[in-house]
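Beneath this line is the structure, given in structure tokens, with notes to follow.
The values are calculated or read from the model by the stated rules, or taken from the named source; none is laboratory data. All figures in this text were calculated on a predicted structure; none of them were measured in a lab. Note that we place each Cβ from the backbone using ideal geometry, even for glycine, and neighbour counts take in every protein chain shown. All accessible areas refer to the heavy atoms of the entire protein, side chains included, with ligands and DNA or RNA removed. Shrake-Rupley method; radii C 1.70, N 1.55, O 1.52, S 1.80 Å.
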Amino acid sequence: AYPGLAEHAFKLKTYEDVLRLRNHIISMFELADVERDEVERRRLLTFFIAGGGYAGTEVAGELSDLARRLTKREYKRVKLDEVRVVLIHPGPNILPELQGAEGHPKLVSYAERRMRELGVEVQTNTKVAAATPNHVDLSNGDRVPTRTIISAVGTKPPPVVASLPLPKDERGRIVTDEYCRVPGHEGVVWAAGDNASVPLPFKKGQTCPPVAIYAMYAGKRIGKNIALGLDGRKPKKFRFPGIGQGASVGRRSAVAELKGIELTGLPAWLVWRLLLTYYFPSWDRRLRLMTDWLIWPIVGRDVVELRTQAPGDYEVRQNVFQPGEIVAEEERTGRYIHIIVEGEIEVLHKEGELEQVLNTLGPGDHFGARWMDSFELEVARAKGVVRTVSMRRDQAPRLQEVLKTAGQLVAESGYFPAIVPTKKD
């Protein structure tokens, strides 16, 4: 649905996803602190967020607040007005979760106003047209140069769910009754969580939102109903009405709805933090979290990069470039070697407005490091939509040796003679 977004955007699904994004953000400030090229500096300090739901709005607010702290304490050569946070959303307003059947337009209005006070560029009724390693093209014709794309767009059920012969709603979620049973498979198939369309208790025609608390309570109900069935007793309805909902919108500010009561600002933020602490699984985790909240306003944010990858891991990426996009140039060869998977690359020699095509590269060719090319690379430009796999320049020779050895072992094994030719071939 969004070309290039899957390849170039940071996800917010797992702990490793979030840790990777945190490390990347710190790296962007470190690189910008020493970068002297103004165009690249602006690109490094532009943070683009796709999706204005709870996750996207909270990330935008936290990023703006983090930028204020980092430019004040850690990276004093970076000015706050150089940092750009862009939040786009396809709907007319951010936080669509607060625009349900009953709706909370005042909370949405407060959140949008707060975002703009923090300096976040909020663009509604806007979608991602295409994403590349260098920029994001928007449906309104704008282009946002950036090195950081964060995807907080809605998710669709995975292929395994789509393949199941079960009733589904218009969003592809498995339909259930008020007992969390799948119609036509009662007592055999149960469903809950993001991939299930579970009726929202006491709200006719509505389904549970895809947030963890409803999944937790629906899962508990399923477990108890299975136990009841094993004892020959009737199942009970899922009755959790929800406590409330809300989102952080920057430092010590939030919007929240608690049992129908609307809260904004600091009171909402305190309630949001209290609920977050309550649902942590153990007191050990709760105390560590609360301790961190108390310490960082005094000593500042921890800007040490925490790595989860092993030192020997290879860094290999998939990339999508749009027609006419400059992929590599001699002045900024970058850290990566690209192997073309699909499309064509024009190698150009440019002098002012004049340009000369030196070569055209296609699938299987590589570029990006002068010592690996048979010509002097000046500018590599995408002729059409181009897909590449890139690897770090310093890792390429080592990876090449590993693949060469692996290829020889496969060839000698005789299991895949058609894939890896033997010496005789």
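What to note about this one:
- If you run the Gaussian network model on the chain, springs between alpha carbon atoms under 10 Å, then out of Asp177, Asp284, Asp194 the most flexible one is Asp284.
- Model label sites at Glu355 and Arg288, defined 7 Å from Cα along the beta-carbon direction, differ in position by 5.2 nm.
- Taking the alpha carbon gyration tensor of region 100-237, multiplying each eigenvalue by 5 and rooting it gives semi-axes of 39, 19, 13 Å, largest first.
- Separation of region 152-186 and region 229-268, taken as the distance between their Cα centroids, equals 23 angstrom.
- Amide H contacts of Val327: Ala380, Arg381, Ala382, each under 5 Å away and 5 or more positions distant or on a separate chain (H built 1.01 Å from N in the peptide plane; Pro and chain starts excluded).
- Table column - 3J(HN,Hα) (Hz), region 76-83, Karplus curve with 6.51, -1.76, 1.60, x for Gly and Pro: 6, 7, 9, 8, 4, 6, 7, 7
- Trypsin sites (Lys or Arg not before Pro) restricted to region 149-205 and DSSP loop, no more than 14 other C-beta within 10 Å: Arg171, Lys203, Lys204
- Helices of the chain meeting both criteria, an alpha-carbon length of 15 angstrom or more along the long axis and an average Kyte-Doolittle score not below 0.5, with helices taken as full DSSP H segments, are 212-230, 265-278.
- Computed across the chain, the Kirkwood hydrodynamic radius from all distinct Cα-Cα pairs reaches 25.1 Å.
- A cut-off of 5 Å between modelled amide H atoms, ignoring neighbours fewer than 5 places along the same chain, links Arg84 with Thr46, Phe47.
- Counting DSSP beta bridges with both ends in region 158-266, the antiparallel % (nearest 5): 85
- Computed from the C-beta positions of Lys127 and Asp231, the FRET efficiency with R₀ = 51 Å rounds to 0.50.
- Using a probe of 1.4 Å, the accessible surface attributed to Glu346 totals some 30 Å² when neighbouring protein chains are kept in position.
- Net charge of Cβ neighbours under 13 Å - reference Pro199; Lys, Arg +1; Asp, Glu -1: +4
- Surface composition of the chain: carbon and sulfur make up 55 percent of the accessible area, probe 1.4 Å.
- Within the same chain, lysines fewer than 8 places from Lys237 are excluded, and of the rest, those with a Cα less than 27 Å from its Cα are Lys156, Lys168, Lys203, Lys204, Lys220, Lys224, Lys259.
- Packing-based order for 21-32, 48-59, 238-249, using average beta carbon neighbours within 10 Å, highest first: 48-59, 238-249, 21-32
- Annotation: per residue accessible area for the chain equals 57 Å², rounded to a whole number [probe 1.4 Å, protein chains only].
- Farthest toward the positive end of the dipole of the chain, out of Leu306, Ile340, Met28, is the Cα of Leu306, where the dipole comes from beta carbon charges about the Cα centre.
- DSSP beta bridges in the chain [antiparallel fraction, %, rounded to 5]: 75
- Residue list for region 1-15, given a label point 7 angstrom along the Cα-to-Cβ vector of Ala162 and an amide N cut-off under 12 Å: 1
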